[in-house]
Amino acid sequence: MRYPQTFLDDLKRQADIVRVVQDYLQLKKKGANWMACCPFHKEKTPSFSVSPAKEIFYCFGCHKGGSVFNFVMEMERVSFPEAIKLVAEKSGVPLPKLIDDGRFEEKRHEADDVIQLNKWALEFWEQQLESSGDARIARDYLLRREITDETCKTFRLGYAPDSWDALSVYLRQKGATQEQIDRSGLVAKKEETGRTYDRFRGRLIFPVMDIQGKPIAFGGRTLKDEDTKYINSPETAAYVKGRNLFGLNLTRDEIRRNGFAILVEGFLDLIVPYQFGIRNVVASLGTALTPEQAKLVSRFARKVVVNYDGDNAGVQAAKKAIEILLAEDLEVKILVLPDNSDPDEFIRKSGASEYQRQRGEAQPHIQFVIDQAVRDRNLSNPVDKDAALEEVLPYVYEVKSSIQQHEYFVLVMDRFKVPPSERRRYSQRIREK
């Protein structure tokens, strides 16, 4: 399915290429054109030019150029259809129906409905956190975690009252139909009676925003002694699990400027570093990292520092994340904080400077994997040694760069003292991959 060509032509004319590029770069007027340092290669003297008359960009240094669509594709690392959507949104131009695909239009309307209800829900929960007496338990919790009012507003934290239908009543007052509420993921249904009730009750609310800052889902943390610490929105027309990263709408520019992203697990593992000025962070929403999330990170940086918890579950999650990130040809380092601390508690205790120092000493992924493989194994025992090698080598196979792959292979062979005759056998495995 495709967009009508007439729409693409109109959008290109209506999209102000200077305004779109200024979302990413600091442009300076020079004659009829605008100039900046090129985002696609390193330079000190600006050679990147934007021509509003010709509706194109061009770099005289690396020779990249094209339309506003090409620019967004390069900057966001997205496909042409995705670039069209982003340019249309930035330009305030509504998207038309895809040719010969009524189902797309129906799904888009349903997603728009979900996002609108989410906006109303978030508005309601923010008001509750700010002024409701029932929300004192949430405000006290945030005070204990040293989360400031400014940070609460930045991340739009809220509080869901401990009520079965307070949100549902509010949504109906705003004009939502019961059918829309049922499809939103904001309510759940009792199987015995078929009646619905508010999904989030008596919980601190963390909104999950898409890359454009629209609320697509929520996480709710219990403030009482309950078995389920967090509950999350189900999948809806607007939200598919594993395709979004918490905080990316706020941290994407800093990630691009720094050239790397720090990947953490939970909401507060991102919020606390952000509050302390560390803002090139994204969170995988407490689930195993997915290929879609790795692709999303790769749009803004080619390097990732994984900073999960240092317990066994965190180590296993980090190893899985390494595989996913390597498949996207990303450079991966691993940060395990002292005493297996998480970023939230470590920064509040030791400060941002010490965290950054620790981050600067993060291990290359292969060293981390080796350390984990040799732990609790006796390398003088042939069985243990072989098992450790079998655990490590897949992380060599996954490296896309042939030069880096060779360097890692030699490092592993040297670390395990594998004789030359045996190395050929392991090297053959790599060639067969």
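The values are calculated or read from the model by the stated rules, or taken from the named source; none is laboratory data. What you see is a predicted model, and the numbers here were worked out from it, not measured in a lab. Cβ coordinates were reconstructed from backbone atoms using ideal geometry, including for glycine residues, and neighbour counts include every protein chain displayed.
For the stretch 300-321, indicate whether the set of residues that are surrounded by fewer than 16 Cβ atoms within 10 Å (Cβ to Cβ) and farther than 21 Å from V392 by Cα is non-empty.
There is at least one residue in the stretch 300-321 that is surrounded by fewer than 16 Cβ atoms within 10 Å (Cβ to Cβ) and farther than 21 Å from V392 by Cα.
Suppose we filter the stretch 378-396 for residues that are buried (at least 16 other Cβ atoms within 10 Å of the Cβ) and touching a helix residue (DSSP H, G or I) at 6+ places or on another chain (Cβ under 8 Å); how many remain?
Total satisfying the criteria: 7.
Taking the stretch 218-270 only, how many residues are surrounded by fewer than 17 Cβ atoms within 10 Å (Cβ to Cβ), part of a strand (DSSP E or B) and among the hydrophobic types (A, V, I, L, M, F, W, C)?
Within the stretch 218-270, residues that are surrounded by fewer than 17 Cβ atoms within 10 Å (Cβ to Cβ), part of a strand (DSSP E or B) and among the hydrophobic types (A, V, I, L, M, F, W, C) number 0.
Look at the stretch 229-271 and say how many of its residues are free of Cβ contacts under 8 Å to residues at least 24 places away in the same chain and closer than 26 Å to N340 by Cβ.
Adding up the residues that qualify gives 1.
Given (1) in a strand (DSSP E or B); (2) surrounded by fewer than 19 Cβ atoms within 10 Å (Cβ to Cβ); (3) hydrophobic (A, V, I, L, M, F, W, C), identify the lone condition not met by I211.
(1)
Would you mind telling me which numbered condition in (1) within 21 Å of G266 (Cβ to Cβ); (2) exposed (fewer than 15 other Cβ atoms within 10 Å of the Cβ); (3) of a type in the set (S, T, N, Q); (4) at pLDDT 95 or above S353 fails?
Only one criterion is unmet by S353, namely (1).
Could you please let me know if Y170 is surrounded by fewer than 20 Cβ atoms within 10 Å (Cβ to Cβ), of a type in the set (S, T, Y) and in contact (Cβ under 8 Å) with a residue 40 or more places away in the chain?
yes
Can you tell me which residue in the stretch 81-127 is nearest to A138 (Cα to Cα), limited to those that are among the polar types (S, T, N, Q) and at pLDDT 90 or above?
Ranking the candidates gives Q127 first.
Please list, ordered by residue number, the helices (runs of 4 or more DSSP H) wholly in the stretch 141-200 having 3 or more residues that are over 29 Å from I271 (Cα atoms) and of a type outside the set (A, V, I, L, M, F, W, C).
Qualifying helices (runs of 4 or more DSSP H): 178-183.
Of all residues in the stretch 43-54, count the ones that are at pLDDT 85 or above and surrounded by fewer than 18 Cβ atoms within 10 Å (Cβ to Cβ).
7
Name, by its number, the condition in (1) at pLDDT 85 or above; (2) not in a helix (DSSP H, G or I) that does not hold for V20.
Checking V20 against (1) at pLDDT 85 or above; (2) not in a helix (DSSP H, G or I), the one that fails is (2).
Failed condition for F57, given (1) touching a residue at least 12 places away in the same chain (Cβ under 8 Å); (2) more than 28 Å from L296 (Cβ to Cβ), with all others met?
Exception for F57: condition (2).
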